[in-house]
Amino acid sequence: MSYPAGVQITAPVSSEYATILTQDALELVAKLHRAFEPRRQQLLAARVARQARIDAGEMPDFLPETKHIREGDWKIAALPKALENRRVEITGPVEAKMIINAYNSGADSYMSDFEDSNSPKWDNQIQGQINLHKAIRRQLSFKNEAGKEYKLNDKIATLQVRPRGWHLDEKHVLVDGQRVSGGIFDFGLFFFHNAKEQVARGAGPFFYLPKMESHLEARLWNDIFCMAQDHIGMARGTIKATVLVETVLATFELEEILYELREHSAGLNAGRWDYIFSCIKKFKKNKDFCLAQRSAITMEVPFMRSYALALVQACHKRGAPAMGGMSALIPIKGDPVANDKALAGIRHDKTRDANDGFDGGWVAHPGLVSIAAEEFQKVLGDRPNQWEKQLSGSFGSKDWLNFQPETPITETGLRNNINVGIHYLGSWLGGNGCVPIHNLMEDAATAEISRSQVWQWVVSPKGKLDDGRKVTEDMVRGMIAEELAKVKAVVSAQGEKTDTYDQAAVIFDKMSLTAEYPEFLTLPLYEAME
């Protein structure tokens, strides 16, 4: 194959992969890399510097230099018809069967994921691009080992695509000897091949943007959108993107993020699991900070509830959709009592979101679409949104940094974190980034919470079990060995290989017990992956 000058691919490129990794598509990726990689690196360095200040005791607050934006009179640009109604959005990785099932689920919108629910093996990333390319043109089908065939229905959900976050590289693609940003790579290939086709079909190109910590990171995406649209001769503003508010720092810049993307904005989403992980990560060295176990950190606890309401307030003030986040509950086969409890939990979650003012919400499984739709229908009726619901009051540090509850921390909760962490990491290393574990749909965000809480409980003086025992390295190491055996027994009983789980346990030990907290679990994992 012939690649643009300065572009090198270090992974195998089959004849099918070559249909995506074309000269013209890679020229756009290289152009975006050369124009914006220095800024990406500056912004990542700014994250490190900000973290050092927080570690030293600085507390985040609103930015004085952007006060005029928060107090200004402006709205985001009008939305296209395809994004007017988003009551139920389903998410999932870019595997063919999952793409078809999500498209056919009855949801209004489908977020196809190159990020947290996708293990970023080279084959997953490129095959995912091929799958979406075919799906957009209604050419995608899938047949399982039993011979069951999956095809797209006539009526399908509106596609949105989540590229990788700013912290992630694509190690198999170099431009001028440098790795490209995973996000630029995912976005550039998808946009080049599909944007005009999507416009011709009336719905797209639409994106979800993850893991941002500031409005300057949103500005970077906006500038990339402008250059990409100019490059293919598409009108600026055609791209629409929803930002996942997954970091506590972004909460202080909600309106600024909307403002930076106002020409391309499709609103904000409350990415709750990464948000909890972000809170632990940002205040990990604060001796007064120690959250209770994951099961106790619901959307009803004060700091999570104020974050959600502030997001609705900011979006509706600016004429933007406010999207509720993901409950990890999924249907449970073979246990009617447990299944009824899970479905009731989903209904409660979506009822709260709809009544709070959210214009739609996420589900992780096609079987949950109707429940979510019913709850939003009760509130919205025939309206596409509830922007007229303008929330009063003010939110800030007093709300978002009030980290309660601190208890309970139980042995069961500690073991669950270890078990989920090992199980998820083992699956991720095997190429699966979206894993049902203990009747919850887990992705990288929940694995991050699991290992971060273990690290926090070992380090914090408040990290004590409800029976009075202090969580220690020795305690955790003993439980890692025990939980590894349980995980391997479960995986083996399901007929799956267990060879990645020993490595997963070693990585979990390192990531949860090392003296210096590793910022992202996926960074060393990706380096260990082929």
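The values are calculated or read from the model by the stated rules, or taken from the named source; none is laboratory data. Since this is a predicted model, take the numbers as computed values, not measurements. Positions of Cβ are generated from backbone atoms using ideal geometry, with glycine treated the same way; all protein chains shown enter the neighbour counts.
Scanning region 408-427 for residues that are under 19 Å from ALA493 (Cβ atoms) and in contact with a strand residue (DSSP E or B) (Cβ under 7 Å, 6 or more places away or on another chain) yields VAL420, HIS423, TYR424, SER427. Count of region 192-211 residues, restricted to those that are in contact (Cβ under 8 Å) with a residue 60 or more places away in the chain and out of contact with any His (no Cβ under 9 Å at 6 or more places or on another chain), is 8.
Summed over region 226-241, the residues that are part of a helix (DSSP H, G or I), surrounded by fewer than 19 Cβ atoms within 10 Å (Cβ to Cβ) and either of a type in the set (A, V, I, L, M, F, W, C) or within 14 Å of the chain's Cα centre (by Cα) (or both) give a count of 3. Look at (1) assigned by TED's automatic domain parsing to the domain that holds VAL94; (2) farther than 27 Å from ILE54 by Cβ and you find that HIS438 fails only one, number (1).
Just one of (1) under 25 Å from LYS497 (Cβ atoms); (2) out of contact with any Gly (no Cβ under 7 Å at 6 or more places or on another chain) fails for CYS434. It is (2). So which residues in region 283-341 are among the small types (Gly, Ala, Ser), surrounded by fewer than 18 Cβ atoms within 10 Å (Cβ to Cβ) and out of contact with any helix residue (DSSP H, G or I) (no Cβ under 7 Å at 6 or more places or on another chain), if there are any at all? Within region 283-341, ALA296, GLY334, ALA338 meet the criteria. The number of residues in region 149-168 that are out of contact with any Phe, Trp or Tyr (no Cβ under 8 Å at 6 or more places or on another chain) and buried (at least 19 other Cβ atoms within 10 Å of the Cβ) comes to 2.
The residues listed here are LEU159, LEU216; of these, the one that is more than 16 Å from ASP113 (Cβ to Cβ) and either of a type in the set (A, V, I, L, M, F, W, C) or in the same structural domain as THR247 (by TED's automatic domain parsing) (or both) is LEU216. Among the residues making up region 27-52, those that are free of Cβ contacts under 8 Å to residues at least 40 places away in the same chain and within 22 Å of THR10 (Cβ to Cβ) are GLU27, GLN41. So which residues in region 121-158 are in contact (Cβ under 8 Å) with a residue 40 or more places away in the chain, under 29 Å from GLU84 (Cα atoms) and among the aliphatic types (A, V, I, L, M)? Of everything in region 121-158, those that are in contact (Cβ under 8 Å) with a residue 40 or more places away in the chain, under 29 Å from GLU84 (Cα atoms) and among the aliphatic types (A, V, I, L, M) turn out to be ILE130, LEU132, ILE136, LEU140, LEU152, ILE156, ALA157. If the condition is being among the basic types (Lys, Arg) and out of contact with any Asp or Glu (no Cβ under 7 Å at 6 or more places or on another chain), then region 441-488 contributes ARG451, LYS464, ARG469, LYS470, LYS486, LYS488. Given (1) out of contact with any Lys or Arg (no Cβ under 8 Å at 6 or more places or on another chain); (2) within 21 Å of ALA528 (Cα to Cα), identify the lone condition not met by LEU465. That leaves (2) as the condition not met. One residue stands out in region 162-198 among those that are outside any helix (DSSP H, G or I) and among the aliphatic types (A, V, I, L, M): the one that is nearest to ASN118 (Cα to Cα), namely LEU168.
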